[in-house]
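Asker: Take a look at the following structure, please.
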Amino acid sequence: MREYLLTLCVTAAVTYLLTGPVRKFAIVAGAMPEIRARDVHREPTPRLGGIAMFFGLCAGLLVADHLANLNQVFEKSNEPRALLSGAALIWLIGVLDDKFEIDALIKLGAQMIAAGVMVMQGLTILWLPIPGVGTVALTQWQGTLLTVALVVITINAVNFVDGLDGLAAGMVCIASAAFFMYAYRIWYSYGIEAAAPATLFAAVLMGMCVGFLPHNMHPARIFMGDSGSMLIGLVLAAGAISITGQVDPDNLFGGSERSAVHQMVPVYIPLLMPLTIIAIPAADLILAIVRRTWRGQSPFAADRGHLHHRLLEIGHSHSRAVLIMYFWSALIAFGALAYSVNSASMWIVLGVVGLSAVGLVLLLLPRFTPRAPRWAEAFVPPRYRRRRAAPAPGAAEGAVSAEDAASAEAADDEPRTPVPVGVSGGPGVPGVNGATALGARSRVPRG
């Protein structure tokens, strides 16, 4: 465990220290695209953060190769070299895309080639644990196609969810933390050496995300870009492929317990755990493809219909939307992890259900606009206080009629149409001032 923690810390430190110089390089290189319609940030922000993350990956693997115990991973398995080869290719394509905006089909082809490079070096799915059937060996073509599909889906799922400051890096960090605990338990508790590469990949991935997050939290100073999102998606997929396709689940269970596990899908964690770590990004990816196809658009056409965009439309702030996505990712990943440790405990199921209810309440909280009573308005934030109508001309100060109060409450419920900057809102609505975004200032002569 000490060597895994050392690898994680070295990866995080290298990524963190290199992100500042990479940001200056991105500004000089002009990797600061204009703000698009689907973006939520207000100022042009440099990309190419994936450069620092890639060098953090290289540093982590280099340190692990020189440690006493983790060196065995490189001697007994070719998977770390396969990961580094595929990561270098996908990172190079991502850097070019951050600078020159490569076509989506070219990126898709590069993702498939990167997956094929890893397959050629041995990082592939050899068999699948099927509930009720057992372990099913795959042919070479079946394993190759399944590996390429999993890599492409994971890369695009992480890429699609990268829409808010710190969202993709935080969600992948949470998923990799749960995955590290699961893989380390298989390697340490059951003594299965084939799980060591997946454990190393998860530790390095956590270090990449932890080192980049301080620069990427809202308001972000730099974005990871496609060079970073596709890179961490590839590393996440590599760990899932290694633990699912290389570790024989028959070594984890035996006798009647193994036959019982084959018949119970919820506790068949070797198959389900790799799916839970990308549950939220994969759901966002599927919804995006269905939504765009239904509208007659290309599945790769960008829009503002992702889950994080919908959270902003509901009324959540930027930071709260990110934290809610963190919450759901942690609930799914660590819930599956806890269930794999003790599947017979009903308290785990009740805890997951209870936390899901809490998550739904937090998710729908902006839909409710509770108003505090008059006597408690001094003790609550302004957004929970009732709006007071302005007194009519000639009325006594502080006197408000019932009709005015009713009209004020009705006005609060009416939808308000924002006025674009510099555009007149019609008769009686002045143009919005670009500096204050409030409107023309009234000129009242000083008495």
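The values are calculated or read from the model by the stated rules, or taken from the named source; none is laboratory data. It should be emphasised that the depicted structure is a prediction, and the values quoted were computed from it without experimental measurement. Here Cβ is always computed from backbone atoms with ideal geometry, including for glycine, and neighbour counts include all displayed protein chains. We work out accessible area using only protein heavy atoms, side chains counted, and drop any ligands, DNA or RNA first. Shrake-Rupley method; radii C 1.70, N 1.55, O 1.52, S 1.80 Å.
Asker: Got a number for residues in segment 193-212 being over 21 Å from I222 (Cβ atoms) and open to solvent by 20 Å² or more (accessible area, probe 1.4 Å)?
Answerer: 2
Asker: Given the criteria touching a Ser or Thr at 6+ places or on another chain (Cβ under 9 Å), crowded, with 19+ Cβ neighbours inside 10 Å and either part of a helix (DSSP H, G or I) or free of Cβ contacts under 8 Å to residues at least 40 places away in the same chain (or both), does V151 qualify?
Answerer: The answer is no for V151.
Asker: Just need a number here: residues in segment 183-231 that are assigned to a helix (DSSP H, G or I) and in contact with a helix residue (DSSP H, G or I) (Cβ under 7 Å, 6 or more places away or on another chain).
Answerer: Number of matching residues: 34.
Asker: Only residues that are closer than 26 Å to T45 by Cα, at pLDDT 90 or above and of a type in the set (A, V, I, L, M, F, W, C): list them for segment 175-222, please.
Answerer: Passing the criteria: L205, M206, M208, C209, V210, F212, L213, I222.
Asker: Do you know which of the residues in segment 64-89 that are over 27 Å from the mean Cα position of the chain (by Cα) and either modelled with pLDDT of 95 or more or more than 16 Å from V204 (Cα to Cα) (or both) is surrounded by the most Cβ atoms within 10 Å (Cβ to Cβ)?
Answerer: By that ranking, first place goes to S77.
Asker: Here is a follow-up. Against the conditions (1) within 30 Å of E313 (Cα to Cα); (2) open to solvent by less than 20 Å² (accessible area, probe 1.4 Å); (3) in a helix (DSSP H, G or I), where does D165 fall short? Just the number, please.
Answerer: (3)
Asker: Right, next: Of the conditions (1) at pLDDT below 90; (2) open to solvent by 30 Å² or more (accessible area, probe 1.4 Å); (3) over 25 Å from K76 (Cβ atoms), G134 clears all except one; give me its number.
Answerer: Only one criterion is unmet by G134, namely (2).
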